[in-house]
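Engineer: For reference, the structure I am asking about is given below.
The values are calculated or read from the model by the stated rules, or taken from the named source; none is laboratory data. The shown structure was predicted, so the numbers you read here are calculated from the model rather than taken from an experiment. Cβ: placed from backbone, ideal geometry, glycine included. Neighbour counts: every protein chain shown.
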């Protein structure tokens, strides 16, 4: 494997702890506003709606719709089930905006800084550019380039995302690595000819996580942190 | 004027000294290879072909073509006039790649770092993303986001560029400033509703520069360096 010229990162779960961040923020919201609800359940159900909502776009059933709008629609669907139907627009907008300020995993920012000395680093996320810029700035993560789904108007694992990013970098897919905590994302990237780096995040989905706890294929690099990935790339 | 949430920079001439960089590199090439030519004249003629080459794309006469390919075509046209018709492909490719490693003006990198603490900063250039990433990395300039013409498949001053960048930032045009050394670029940005910041670069075109030596309209901010722009934005 030749050293990749660019390493593109999946973001939700790979670089940021969406679940812990959402649970903490929603729980604090409940305490502040005196609302009792299963905030952990809401966070998990909200994320549970993520792939199905994007699948409607991938399949063509829904015209291109960015992730903020998908998040809002799935939140609106879920709130009654959690006894929160009375929440107003401003509170719902605030909840959707939580996805713009998720906490990085403890190793993310420093690991990215190290890797950035050795390669071009960027995002390749199903989040939109604006969300990714917000995450990077609030989380102290510095990238050379931001690729979000709204640039390609496709969601991963559609090949337009992986190949579109390579085209914008003017690099052949074999010179680009996708780094992700999700085997399915890496499989799709490999199918497009990209190199693959697996960073397991066994707590992404909480203590009962079953999937993606380990590599399910011979990914080019397997590393337990972003910094370890940087070291292995050399 | 409300403080802009994002400041997007023109790059060639505004942040990097394309002319001084090209002349220095071409002159060194001539000395190393024993070739005598009017390197300054070649640099100026090459840049002279820049707007006409993009105009063929803007007008629709030429299908979308990125700047590297336009640079190569105009170089191929010009070399015979400068007695350099014998240059081979590798040397021509090397010359085109010079545009990927132009030197920043002395104030650019530090000024951008200061402004980045106060706003989202990015590029909005007619260069492609790959070129801009190369310029940023070789020049030590850190941006929050890179917008190049190949994302929009339009060249400035087409409104698709200014408005496309605002859409990807999820910001209204009035919350975004274009910073540029060129009055015409700022006029187009203002026409799209963006704020405008003028940074004169009276030496961009060399000692005989006539245009863009001063502001030709009441731009929202006028500053003689990137750092001064950061201070005026506050």
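Engineer: Do the conditions hold for residue A:116, that is, is it over 23 Å from residue A:187 (Cα atoms) and facing chain B (nearest Cβ under 9 Å)?
Structural biologist: Working: over 23 Å from residue A:187 (Cα atoms): yes; facing chain B (nearest Cβ under 9 Å): yes.
Yes; evaluated as a whole, the condition is true for this residue.
Engineer: Among the residues of region B:126-157 satisfying the criterion of being surrounded by 21 or more Cβ atoms within 10 Å (Cβ to Cβ) and under 12 Å from residue B:15 (Cβ atoms), which is nearest to the other protein chains (Cβ to nearest Cβ)?
Structural biologist: B:136
Engineer: Moving on to the next point. Considering region A:223-234 alone, what residues qualify as being more than 16 Å from the chain's Cα centre (by Cα), assigned to a loop (DSSP other than H, G, I, E, B) and surrounded by 14 or more Cβ atoms within 10 Å (Cβ to Cβ)? Show your work before the answer.
Structural biologist: Here is the first cut: in region A:223-234, the ones more than 16 Å from the chain's Cα centre (by Cα) are A:223-224, A:227-234.
Narrowing further to those that are assigned to a loop (DSSP other than H, G, I, E, B): A:223-224, A:234.
Answer for region A:223-234, where residues must be more than 16 Å from the chain's Cα centre (by Cα), assigned to a loop (DSSP other than H, G, I, E, B) and surrounded by 14 or more Cβ atoms within 10 Å (Cβ to Cβ): just A:223.
Engineer: Next up: Give region A:1-51 a look and list any residue that's closer than 18 Å to residue A:212 by Cβ, assigned to a helix (DSSP H, G or I) and touching a helix residue (DSSP H, G or I) at 6+ places or on another chain (Cβ under 8 Å), or say none.
Structural biologist: A:18, A:19, A:43, A:44, A:47, A:50
Engineer: Answer yes or no as to whether residue B:179 is in the same structural domain as residue B:128 (by TED's automatic domain parsing) and more than 21 Å from residue B:55 (Cα to Cα).
Structural biologist: Working: in the same structural domain as residue B:128 (by TED's automatic domain parsing): yes; more than 21 Å from residue B:55 (Cα to Cα): yes.
So residue B:179 passes the test.
Engineer: Which of the residues that make up region B:174-222 are assigned to a helix (DSSP H, G or I) and either modelled with pLDDT under 95 or within 14 Å of another protein chain (Cβ to nearest Cβ) (or both)?
Structural biologist: If the condition is that a residue be assigned to a helix (DSSP H, G or I) and either modelled with pLDDT under 95 or within 14 Å of another protein chain (Cβ to nearest Cβ) (or both), then B:175 is the only one that fits.
Engineer: So residue A:123 fits all but one of (1) in contact with a helix residue (DSSP H, G or I) (Cβ under 7 Å, 6 or more places away or on another chain); (2) within 13 Å of chain B (Cβ to nearest Cβ); (3) farther than 25 Å from residue B:66 by Cβ; what number is the exception?
Structural biologist: Only one criterion in (1) in contact with a helix residue (DSSP H, G or I) (Cβ under 7 Å, 6 or more places away or on another chain); (2) within 13 Å of chain B (Cβ to nearest Cβ); (3) farther than 25 Å from residue B:66 by Cβ is unmet by residue A:123, namely (3).
Engineer: Then there's this: More than 14 Å from chain A (Cβ to nearest Cβ), surrounded by 20 or more Cβ atoms within 10 Å (Cβ to Cβ) and under 14 Å from residue B:16 (Cα atoms), is that true of residue B:111? Step through it out loud before you land on a result.
Structural biologist: Values: more than 14 Å from chain A (Cβ to nearest Cβ): yes; surrounded by 20 or more Cβ atoms within 10 Å (Cβ to Cβ): yes; under 14 Å from residue B:16 (Cα atoms): yes.
Criteria met by residue B:111.
Engineer: Would you be able to say whether some residue in region B:80-88 is within 14 Å of chain A (Cβ to nearest Cβ) and without any contact (Cβ under 8 Å) to a residue 40 or more places away in the chain?
Structural biologist: We begin by selecting, within region B:80-88, every residue within 14 Å of chain A (Cβ to nearest Cβ); these are none.
No, region B:80-88 has no match at all.
Engineer: Give B:62, B:42, B:15 a once-over and let me know the one that is at pLDDT 95 or above and within 14 Å of the chain's Cα centre (by Cα).
Structural biologist: Values: B:62 fails: within 14 Å of the chain's Cα centre (by Cα); B:42 fails: within 14 Å of the chain's Cα centre (by Cα).
The conditions single out B:15.
Engineer: Within region B:172-193, work out how many residues are in contact with a strand residue (DSSP E or B) (Cβ under 6 Å, 6 or more places away or on another chain) and within 19 Å of residue B:118 (Cβ to Cβ). Talk me through it step by step, then tell me what you get.
Structural biologist: Going residue by residue through region B:172-193, those that are in contact with a strand residue (DSSP E or B) (Cβ under 6 Å, 6 or more places away or on another chain) are B:176-179, B:186, B:189-190.
Narrowing further to those that are within 19 Å of residue B:118 (Cβ to Cβ): B:176-179.
Residues in region B:172-193 being in contact with a strand residue (DSSP E or B) (Cβ under 6 Å, 6 or more places away or on another chain) and within 19 Å of residue B:118 (Cβ to Cβ): 4 in total.
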